[in-house]
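> Here it is: the structure, laid out below.
Just so it is clear, none of the values below were taken in a lab; they were calculated from the coordinates. Predicted model only: the values in this text are computed from it and were never measured. Heads up, the Cβs are rebuilt from the backbone with ideal geometry, glycines too, and the neighbour counts pull from every protein chain shown.
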Amino acid sequence: MSEEKQPQEAGQDSKILKTLSPRNIIIPIIIGLGLAAYWLYLDLSNPDFIKNFKNPNYFWLGMAFIALFIRDGFYIYRIRELSRRALSWVGSFYTIILWEFSSAISPSAVGGTAVAAFLLLKEGISFGKSLAYVLVSAIMDNMFFITLGAIVLILDANNFYPNGIFYLEGIDPSWISLLKTTFYTSYSVIAAYTLLMFYGLFYKPTAIKWLFVKITSIGFLKRFQKAAEHQGDELVVASKELKGIEFSYWAKAIISTAFVWISRYAIVNCLLAAFVPTLGLAEHGIIFSRHVILWVVLIIAFTPGGSGIAEGAFLKFYTPFAFGMTGFIAIIWRMITYYPYLIAGVIFLPRWLRRVFVELPKSTPLEK
């Protein structure tokens, strides 16, 4: 590695490590717990809350935690298999935990691609392979969302859901119209971007790089041209690493991705079943489907980890099913799916830093 590259590498390392700083957990915790206390106060005044709180179904409460372990277990399994087992189980664990920690302390729209590639790089995976595995992970996640979203929209168009999947009780119709527009717009953008990345990663990376540069040569988009060119370069590098990989590799990636996301969505179903045992199969179908819509709200959230916005959206989406316990269940949902990663990040980040900067040999970022 040339000397002129060393300061650039050190600067990039410093920037990403600053992103992973445990101090970044303060803001999301203040926002999330502040709103949680307020919503819990409102729930305590509802008679249904006391009745259902006293008689939860512990089986479904336990299943919510099992769904979380299944989700994280398949996340760890997937990244290890994507790396063709170059990552150890320990390295895979650290990568996923710190990747989730990064997502929990950053606005969802920012994304964690750079952090994830950095984590893999420091685990000894080459630069090109790190990019390839992270891009494949992102494409798999988006493809699952696109597929499941299409199913939900087809069912909605055929009147499968009472009142429609976008109907939110007690919400002004203009806000529901805005939600629909936001979902369709975001869905279309995610689908178009994912298909472009898929085509570029597996077929013509140079063509997609040219397209990125060409689009960002338009007036108001020129300020993004450098970033677009950089992403195009990364796509070309990553594409070279994925040539000629066997079918079983992709089968494992697809199956594990399905388990990851079905488990993630099912956590809400399990929590509602724990406190509202009267919900039927059809209602659980609506609850699961609404999580697909809720996910779009979360990925465009501007607060760290969607803190505050996630809880508020949960209340709007699931109040009809929770019978006076929505705020409380929203808190439990976030305590299971969000706060553990903040705590885990603070615990495991120092250990990982000692592991990769002391125990493991330093990787070469420009190795391909």
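> Which whole-number percent is the relative contact order of the chain (Cα, under 8 Å, 6+ apart)?
Answer for the chain is 35 percent.
> Give, rounded to the nearest 20 debye, the magnitude of the charge dipole that segment 5-359 has about its Cα centre when Lys and Arg contribute +1 at Cβ and Asp and Glu contribute -1 at Cβ.
For segment 5-359, the charge dipole is close to 960 debye.
> Okay, next question. What Kirkwood Rh does segment 161-229 have if only Cα atoms enter the pairwise 1/r average? Answer in Å.
14.7 Å
> May I ask you to give the average projected area over all directions of the convex hull of the Cα atoms of segment 5-359, in nm² rounded to one decimal? Please report the intermediate quantities before stating the final value.
Values: hull surface 78.3 nm².
For segment 5-359, averaging the hull's shadow over all directions gives 19.6 nm².
> Calculate I(q)/I(0) for segment 203-347 by the Debye formula, one identical point scatterer on each C-alpha and no solvent, and give its log10 at q = 0.17 Å⁻¹ to two decimals.
Taken in order of the listed q values, log10 I(q)/I(0) reads -1.00.
> With the dipole of the chain worked out from charges on the C-beta (+1 for Lys and Arg, -1 for Asp and Glu) around the Cα centre, which of 167, 127, 313 lies farthest toward the positive end?
Ranked along the dipole, the leading option is 127.
> Specify whether the C-alpha gyration tensor of segment 151-280 places it in the rounded, prolate or oblate class, a ≥ b ≥ c being the square roots of the eigenvalues: rounded for a/c under 1.5, otherwise prolate if a/b is larger than b/c and oblate if not.
Oblate shape, in that a/c is at least 1.5 and b/c is the bigger or equal ratio.
> I would also like to ask the following. Between 153, 121, 131, find the one with the highest GNM mean-square fluctuation for the chain; connect C-alpha pairs within less than 10 Å.
Sorting by GNM fluctuation, first place goes to 153.
> State, to one decimal in nm, how far the label point of residue 180 lies from the label point of residue 206, with both points 7 Å from Cα in the Cβ direction.
Once both label points are built, they end up 4.6 nm from each other.
> Can I ask one more? For the residue pair residue 299 and residue 346, what label-to-label distance in nm results when each label sits 7 Å from Cα along the Cα-to-beta-carbon direction?
About 3.0 nm separates the two model spin labels.
> Could you work out how much longer the chain between residue 159 and residue 223 gets when fully extended? Use 0.36 nm per residue separation minus the Cα distance between them, nm to one decimal.
18.6 nm
> Kyte-Doolittle cut-off 1.0, length cut-off 30 Å along the helix's own axis using Cα: show which whole DSSP H helices in the chain pass. Can you show the working numbers first?
Numbers: long enough: 58-82 (36 Å, 0.80); 127-157 (45 Å, 1.62); 173-202 (43 Å, 0.94); 247-275 (43 Å, 1.25).
Flagged H segments are 127-157, 247-275.
> Same structure, new question: For segment 138-222, which chymotrypsin sites (Phe, Trp or Tyr not before Pro) pass both filters: DSSP loop (anything but H, G, I, E, B) and at most 12 other C-beta atoms within 10 Å?
203
> Take the alpha carbon atoms of segment 150-165, find their center, do the same for segment 226-241, and report the distance between the two centers in whole angstrom.
38 Å
> Right, something else. Strictly over 21 Å apart at the Cα level, which of 15/226; 18/240; 180/222; 204/240; 209/243; 214/243 would you flag in this model? Mind dumping the intermediate values first?
Numbers: 15/226 18 Å; 18/240 31 Å; 180/222 30 Å; 204/240 11 Å; 209/243 18 Å; 214/243 26 Å.
Pairs exceeding the cut-off: 18/240; 180/222; 214/243.
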